[in-house]
Amino acid sequence: MAEVHGSFDERFAGVRDALAQHLDGDEVGASVAVDLDGETVVDIWGGYRDEQRTTPWTQDTIVNVWSTTKCVLNLAALMLIDRGDLDPYAPVGNYWPEFSAKGKKDVEVRHLMSHTSGVSGWEQPFSVRDMYDWETACERLAGQRPWWEPGTASGYHAATQGFLVGEVVRRITNKTFSTFVREEIAEPLGADFQLGARPADWDRVASLVAPPRPESAGDPDPASISVRTFTAPVMSVKATETPEWRAADLGALNGHSNARGVLDVLRVLSLGGTAGGVRLLSSKTIELVFDQQSDGKDLVLEEPFRFGIGYCLGSPVVPYVPSGRTFYWGGWGGSLAVMDLDRRLTITYMMNAMAQGILGSARSEAYVRAVYDAL
């Protein structure tokens, strides 16, 4: 059986066993961490940083966590709400006046945070490289018409959410989103989490292994909101290896961390706003997450999702996350972060071998089920 490193409370031996089993199978390198009531009860890792399995995944290995980054993005917005600097029910234009153009004057901050603003992608042509220019990328979003009536449905803001919410953060704080994350989230919490990756950290970044290509289901409709979103821009696993990607401010896509680093940030949500003696939020502000914004088939993901303010509240896509006072999100290929407020429980899983699909995988299911079985 594959070797698993790190530590775990004996109750959670099943989580270690699940990781070992998958490291012998479809996992290349991965880390799993669990916090229960303020105590880290699982912090384990194993496997390799590269597809050739030459360099071991170690305690300080980090990886591009794709959309798990959005969990931190929306935490930043909640912090500004908690401070009284941001009203989730106010028009975005109150903070970013240019955004009110082209039929968007009634788009509210909560719509950006719940994928219901109608601005789920850029108008074509738009490439990954175009995302590296923050100002132009934001200007283009401000100058677009919504693709559906804002507030009426969710359409996953795959790449745009980082710019939409990130620009509101920037307008209020006068800090780039990556600076805000560093100075106001990661450093106070002592968390190994950063937007992009500093050159000094490149030698500990695991290479992503692209997911298997999905079997073609015929010709997609180029006019559909899903195709428009996922083709402007078309995401590239290869791009994540470039200095430009690692230097960019991609608040929805290029967080770099591991399970422990993400856990050290997000457990603050499960623990009522304070973790390790550091207060980022009040429990009252966290309650806003449960203000349901949409429930139905997402126009981009084309599956049913229930979104609150900033996080997913439920979906048959991940039936293994219990209902109740839980919320979660994850990243392309299967990384996942679950916040369970009733149990004061946080579960995080980060890996480099990507499975098919935007949210969850058979592997994330195995680890989450093993945690709940232990409880």
| remark: With +1 at each Lys and Arg Cβ and -1 at each Asp and Glu Cβ, the charge dipole magnitude of region 334-375 around its Cα centre, to the nearest 20 debye, comes out at 60 debye
| Choice from 63, 234, 92 showing the highest fluctuation, given a GNM over the chain with Cα pairs closer than 10 Å | 234
| How do 61, 173, 116 line up, fewest other C-beta atoms within 10 Å first? | 173, 61, 116
| query | Distance in nm between label sites at residue 1 and residue 187, each 7 Å beyond Cα in the beta-carbon direction? | reply | 4.3 nm
| said: I'd like the orientation of helix 362-374 relative to the chain: the angle between its Cα long axis and the longest Cα principal axis, in ° from 0 to 90, rounded to 10. | reply: 70 degrees
| said: As I understand it, the value is the acute angle between the Cα axis of helix 259-270 and the longest principal axis of the Cα atoms of the chain; what does it come to in degrees, rounded to 10? | reply: 60 degrees
| query | Using a Cα distance threshold of under 30 Å, what count of lysine pairs results for region 4-374 when pairs must be 8 or more residues apart or interchain? | reply | 18
| said: Using amide H atoms built in the peptide plane, which far-off residues or other-chain residues are under 5 Å from residue 47 H to H? | reply: 57
| field | Per-residue Cβ neighbour rank within 10 angstrom, fewest leading, 85, 35 | value | 85, 35
| Which ³J(HN,Hα) values, rounded to whole Hz and listed in residue order, are derived for region 113-122 from phi using the Karplus coefficients 6.51, -1.76 and 1.60 in 6.51 cos²θ - 1.76 cosθ + 1.60 with θ = phi - 60°, glycine and proline given as x? | 6, 10, 6, 10, 7, x, 10, 8, x, 8
| field | Cα long-axis angle, helix 160-173 against the chain (0 to 90 degrees, to the nearest 10) | value | 80 degrees
| query | Among 163, 190, 36, whose Cα sits farthest toward the positive end of the charge dipole of region 4-374 (+1 at Cβ of Lys/Arg, -1 at Cβ of Asp/Glu, about the Cα centre)? | reply | 163
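What size of dipole, in debye to the nearest 20, comes out for the chain about its Cα centre when the only charges are +1 on Lys and Arg C-beta atoms and -1 on Asp and Glu C-beta atoms?
Details: 34 positive and 50 negative charges, 112 e Å.
Dipole about the Cα centre, nearest 20: 540 debye.
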| field | Calculated FRET efficiency for the pair residue 102/residue 303, C-beta based, R₀ 25 Å, to 0.05 | value | 0.30
| message | Apply the a/c threshold of 1.5 to the C-alpha gyration tensor of region 129-257 and tell me whether it is rounded, prolate or oblate. | response | oblate
| remark: Between residue 55 and residue 127, the two model label points (7 Å from Cα along the beta-carbon direction) sit apart by a distance in nm of 2.7 nm
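Values in this text are rule-based calculations from the coordinates and carry no lab data. Being a predicted model, the structure only gives us computed values, none of them experimental. Cβ sites come from the backbone with ideal geometry, for glycine too, and all protein chains shown count toward neighbours.
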